[in-house]
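The values are calculated or read from the model by the stated rules, or taken from the named source; none is laboratory data. Here the structure is a predicted model, which is why all the values come from computation and not from measurement. Cβ placement follows ideal geometry from the backbone for every residue including glycine, while neighbour counts extend to all protein chains displayed. These accessible areas exclude ligands, DNA and RNA; they are computed on the full protein's heavy atoms, side chains included. Shrake-Rupley method; radii C 1.70, N 1.55, O 1.52, S 1.80 Å.
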Amino acid sequence: MEQLRYVGKSMRRKDGPDKVTGRAAYSQDVKLPGTLTGRILRSPHPHARIVRVDTSRARELPGVKAVITVDDTKGIKHGFVETPRYPPDQEVLARDRVRFVGEEIAAVAAIDQITAQRAIDLIEVEYEILPAVFDPYEAMKPGAPEVHPTLAKIRSETPLPNIAGRTATGWGDVEQGFAQSDYIREDRFESHLRTHGYLEPHVTLAQWEHDKLNVWTSSMGTFIKRAKLARVLDLPFSAVRIHKTYVGGTFGGKIDLYTHEYCAARLSMIAGRPVRIVATREEIFSAYRHGQPLIMEIKTGVRNDGTIVCQQVRAINNAGAYRGSGVVVIFLAWGFTMLPYRIPNLAYEGLSVYTNYPLRAPQRGHGCPQIRFAIESQLDRIAEDLGIDPVTIRLRNARKPWEALPNGDNVHEAGLIECIELAARKSDFLAKHGHGRKQSSTIRRGIGMGVSSYFGGSLIYPNGSGVIVKMADDGSATVLTGAIDVGQGAETVISQIVAEELFLPIEDVKIISSDTDTTPQDIGAWISGMTYVTGNAARQAAGNAREKLLELAAEKFGCTTAELEVDEKLVRKRANREERLSYREIIAHSVATRRGDTVIGEGFWRTMRDEPTHPSLATTKGRWSENYAFSCQVAEVEVDTQTGEARLVKAWTVHDCGFMVNPGLVKGQVDGQVSMALGHAFLEEILTKDGYTLNPSWLDYRMPTIHEMASSEDDEIVTEQYTVGKSFRVKEVGEGLVSGVLAAIANAIYDATGVRMHSTPFSPEKLLKGIRQLERARRIANERSEAREDAQEQVTASLD
């Protein structure tokens, strides 16, 4: 790889100049003449029957051009998951009932924002308040308020009410495993509700013109947006075009179809003018989709040496009022349990439960930070109880290269063992561990470790990516790709791969991206598979163009392609390197002799090409992915035992991402995930009561700032290589590294204070409460010890 020119190098971002100069056009920046302002009427109640909706006064208001309710829709439901087991369960506007505070009831389009808001205020809605339920355990009790009826297929598996989805799987014999275990431990962990924190709000501009719907929207994939929008509008895919715009952050929160996107489109179709809807930050905090909270009940049996024998896991998800991605996160929590360690016997059940909160969406890691926090915390407790250090117990259970996973996947060149060893060595872990609680100072330091693994690409619509490389007359290349750059550097990475394969200066590679009418289909930026799937498609397309150039040159030279080699924008003979043809000359020859063919390369890539579909969300049967990244992370924290305040001082990340196409971008991903885990651990929390959000603004929702940032060091275990002309296996680096560091922070807090955190966030109140409880327990133990000594002295004195 040292001989590569562009792959493996920290090249400047393709989108960098546009962003730093302000030329980058986001959805908010697109201007169309005659654009109307859209606003949405939302429910003020967590659960109520809609008795009546009267929009007559709003329609009569001067300046109002369109008003819609559910009666103006086709009644087509949608959902994050749409399968026979999990059919779509949500309409774009509420019909008959509202199920969460902020659910959309009606929408208007008007000449300006003031008129639109006045129209919203004029819509009359009569409600009949219904009982609501907010806690998943309460929702599963007999007689709980019914958010949705449990589907018949799921009802045959469990009698519990309000079950949105269930995953049940396992292998081996768990009961026998527990019987053979030397030590068994049970714990319960809980993760809290957080939001994504993207700085760009949800914005959609829609224009219906000449039987064509043009849409500019902030998203994570233009093709998934087109599919879902066309479906609910009952339009052919070809009648919907999603245009490229820059995206100001997503982190999982802009995948699915949102009601404001539908409303902008439908209002434009009725009004005959463009309509823009911009969500306010208060709306985003109060009514839009946040991450997935999980409750995890874990029982683990081990041998005396710490080897895992069996594990029983129950994950409970508070899905909110609709299924959302809840049925996916309970599937993923199983996968993230399976990956890092060998578990000979496993019983897993995941339940996604309807409640009267807004529905949820994926958030960076999508279940991995939650389940790894739980498992890694429990593993540290087991290690301590057995007198084993945290490094040894992890090495004893870590998966080795080329291990087959229970679901039929393979870990290939897994570098987890090397990750653990290097992370321990780099952080001087064993020398530091165990000293925090012995410190007499009120400011104590502790160190902790966490392990994680994450998949890179799976079979989710549209299942594969295509790339087209068009050679220009001067030998430069234009790349057509549906990949969307949400900040992860997609366009830069694709440019590097194309430049490498075509032996072009990277400045000669231009990108046209993420437009559903002009670019090939793409998986999008939400299953951590862009570099692997779209990158291999780009490699194929550029390679296809390169082979065509070689064939044309061989034709002109009168030789075979084996006698030729490619260098920067030229082809020459191996035997006589002075005999050469420039790309410009070769393309001119092609145009002259092949009916104007300017040389176009095509490439297509689908992960797990021989698998018909994705694995079962209910049973986990079937292949999941052919790419798994592994990591070990260490956190050093500082805790003030008088106030309970804790902070991350330093994080070490050692990860196996295969190889790095762009080390600078990888470093950015690592640091970004460390800061996100820091926010997860100490700061961020959506506070709610009875379905209402209590802190719907940046002022009250604490995000990490420069003042909270920690030192972050990272190293890579290179387990794969890039070779020109061959497919490559690169592993994800954009999501999984939130997880290990969150677990490491929890373990470091315990190392510093002796307080074991069973729920996030790790707030000063929780820490201080734990510290006081430990102090009280020690004081009572000392008093009892002194009392026993006094009693013993009295006995001795009486004997004397």
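Tabulated data for the structure shown
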| item | result |
| --- | --- |
| Among (1) out of contact with any Ser or Thr (no Cβ under 7 Å at 6 or more places or on another chain); (2) touching a residue at least 24 places away in the same chain (Cβ under 8 Å); (3) not in a helix (DSSP H, G or I), the one test that Ile745 misses | (3) |
| Number of the exception - Gly524 against (1) at pLDDT below 95; (2) of a type outside the set (Lys, Arg); (3) open to solvent by 20 Å² or more (accessible area, probe 1.4 Å) | (3) |
| Residue count for region 706-721, restricted to those that are within 21 Å of His680 (Cα to Cα) and either touching a Gly at 6+ places or on another chain (Cβ under 9 Å) or open to solvent by 60 Å² or more (accessible area, probe 1.4 Å) (or both) | 5 |
| Lone unmet requirement of (1) at pLDDT 95 or above; (2) within 21 Å of the chain's Cα centre (by Cα) for Arg702 | (1) |
| Those residues of region 489-503 which are at positive phi and either free of Cβ contacts under 8 Å to residues at least 40 places away in the same chain or open to solvent by 10 Å² or more (accessible area, probe 1.4 Å) (or both), in sequence order | Phe503 |
| Filter result (in contact with a Gly (Cβ under 7 Å, 6 or more places away or on another chain) and either under 30 Å from Tyr628 (Cβ atoms) or among the charged types (D, E, K, R) (or both)) within region 565-600 | Lys569, Arg584 |
| The one condition in (1) within 22 Å of Leu480 (Cβ to Cβ); (2) open to solvent by 30 Å² or more (accessible area, probe 1.4 Å); (3) of a type in the set (Ser, Thr, Tyr) that Thr534 fails to fulfil | (2) |
| When residues of region 329-339 are limited to those that are in contact with a Phe, Trp or Tyr (Cβ under 7 Å, 6 or more places away or on another chain) and touching a residue at least 60 places away in the same chain (Cβ under 8 Å), the one nearest to Lys400 (Cα to Cα) | Leu339 |
| Test: residue in region 443-459 that is assigned to a loop (DSSP other than H, G, I, E, B) and either open to solvent by 60 Å² or more (accessible area, probe 1.4 Å) or free of Cβ contacts under 8 Å to residues at least 12 places away in the same chain (or both) | no |
| Which listed residue is at pLDDT 95 or above, crowded, with 21+ Cβ neighbours inside 10 Å and over 30 Å from Val353 (Cβ atoms), from Val313, Val309 | Val309 |
| Residue count for region 51-66, restricted to those that are part of a loop (DSSP other than H, G, I, E, B) and surrounded by fewer than 21 Cβ atoms within 10 Å (Cβ to Cβ) | 3 |
| Given (1) of a type in the set (Ser, Thr, Tyr); (2) in a strand (DSSP E or B); (3) open to solvent by 50 Å² or more (accessible area, probe 1.4 Å), number of the condition Ser10 does not satisfy | (2) |
| Complete set of residues in region 470-518 that are hydroxyl-bearing (Ser, Thr, Tyr) and either over 22 Å from the mean Cα position of the chain (by Cα) or not in a loop (DSSP other than H, G, I, E, B) (or both) | Ser476, Thr478, Thr481, Thr492, Ser495, Ser513, Thr516, Thr518 |
| Where Pro696 falls short, out of the listed (1) open to solvent by 10 Å² or more (accessible area, probe 1.4 Å); (2) over 19 Å from the mean Cα position of the chain (by Cα); (3) within 27 Å of Leu332 (Cα to Cα); (4) not polar (S, T, N, Q) | (3) |
| Yes/no for Ser631 being surrounded by 20 or more Cβ atoms within 10 Å (Cβ to Cβ), in contact (Cβ under 8 Å) with a residue 40 or more places away in the chain and under 30 Å from Leu332 (Cβ atoms) | yes |
| Ala562 being in contact with a strand residue (DSSP E or B) (Cβ under 8 Å, 6 or more places away or on another chain) and either part of a helix (DSSP H, G or I) or of a type in the set (Gly, Ala, Ser) (or both) | no |
| All positions within region 377-392 that are in a loop (DSSP other than H, G, I, E, B) and either of a type in the set (A, V, I, L, M, F, W, C) or touching a helix residue (DSSP H, G or I) at 6+ places or on another chain (Cβ under 7 Å) (or both) | Ile388, Asp389 |
| Qualifying residue in region 545-559 (condition: among the basic types (Lys, Arg), in a loop (DSSP other than H, G, I, E, B) and either touching a residue at least 12 places away in the same chain (Cβ under 8 Å) or within 25 Å of Leu4 (Cβ to Cβ) (or both)) | no |
| Residue ID - surrounded by the most Cβ atoms within 10 Å (Cβ to Cβ), chosen from residues in region 748-770 that are assigned to a loop (DSSP other than H, G, I, E, B) and under 28 Å from the mean Cα position of the chain (by Cα) | Thr760 |
| Subset of region 322-370 (residues that are open to solvent by 10 Å² or more (accessible area, probe 1.4 Å) and at positive phi) | His366 |
| Single residue of Ala48, Ala24 found to be open to solvent by less than 30 Å² (accessible area, probe 1.4 Å), touching a residue at least 40 places away in the same chain (Cβ under 8 Å) and either within 30 Å of Arg273 (Cα to Cα) or under 26 Å from the mean Cα position of the chain (by Cα) (or both) | Ala24 |
| Hits in region 595-615 - residues which are in contact (Cβ under 8 Å) with a residue 24 or more places away in the chain and either open to solvent by 10 Å² or more (accessible area, probe 1.4 Å) or of a type in the set (A, V, I, L, M, F, W, C) (or both) | Thr598, Val599, Ile600, Glu602, Phe604, Trp605, Arg606, Met608, Glu611, Thr613, His614 |
| Ala144 being small (Gly, Ala, Ser), outside any loop (DSSP other than H, G, I, E, B) and modelled with pLDDT of 95 or more | no |
| All positions within region 468-488 that are buried (at least 24 other Cβ atoms within 10 Å of the Cβ) and out of contact with any Leu (no Cβ under 7 Å at 6 or more places or on another chain) | Val469, Met471, Val479, Thr481, Gly482, Ala483, Ile484, Val486 |
| Residue match in region 562-585 (condition: among the aromatic types (Phe, Trp, Tyr), crowded, with 23+ Cβ neighbours inside 10 Å and under 33 Å from the mean Cα position of the chain (by Cα)) | no |
| Identity of the residue in region 722-747, of a type in the set (A, V, I, L, M, F, W, C) and farther than 30 Å from Ser440 by Cα, that ends up surrounded by the most Cβ atoms within 10 Å (Cβ to Cβ) | Leu737 |
